[in-house]
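Read through the structure below, which is laid out as structure tokens, and then see the notes.
Rule-based calculations on the coordinates, nothing more; no lab input. All values derive from a computational prediction rather than experimental measurement. Cβ coordinates were reconstructed from backbone atoms using ideal geometry, including for glycine residues, and neighbour counts include every protein chain displayed.
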């Protein structure tokens, strides 16, 4: 099986409560609604060696479910460290952030696979991202916050992916 990182962990033991907003019903501003529409329309591609498939919000993924079953875990997240709070950075700045993200995940012992998020129409530059397996939703939100992301994709085997807001 392709993929970097070590065996997965289940959170870091933090006891803080995570409050997340999921879906459009809780959108407060026009910017949030616009981001929600963009994120919901996006394609989240896993592209790591021979492992290639696309995740879409609200749609089941047989490939993702097979990966989770093979890895004997049932939860996952798709997270980027690029472009914090949707502020477009230079390639070198994003590369540096991604490097710190990889080091962080390696230190925590997570198993992950390379990927990227993109708009279906190509209207924005694809963002390097990672599919992290064996991570629960609350920990995914904490990592999204740490790397200044508005939202992360999270899910469990056999269920459609969800957009989970970090702020």
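Structural remarks
- Computed log10 I(q)/I(0) for segment 20-167 at 0.18 Å⁻¹: -1.07, from the Debye equation with unit scatterers placed on every C-alpha and solvent omitted.
- Using the Cβ-Cβ distance between residue 167 and residue 70 with R0 set to 30 Å, the FRET efficiency works out to roughly 0.35.
- Label point distance in nm, residue 85-residue 43, each placed 7 Å from Cα along Cα→Cβ: 3.1
- With 0.36 nm allotted per residue and the present C-alpha distance subtracted, the residue 156-residue 96 stretch has 18.6 nm of extension available.
- Where labels lie 7 Å past Cα in the beta-carbon direction, separation of residue 103 and residue 30 in nm: 4.1
- Altogether, the Stokes-Einstein calculation at 25 °C and 0.890 mPa s, with the Kirkwood radius of segment 125-167 over Cα pairs as Rh, returns a diffusion coefficient of 224 µm²/s.
- Relative to its residue count, segment 91-167 spans a Cα convex hull of 106 Å³ per residue.
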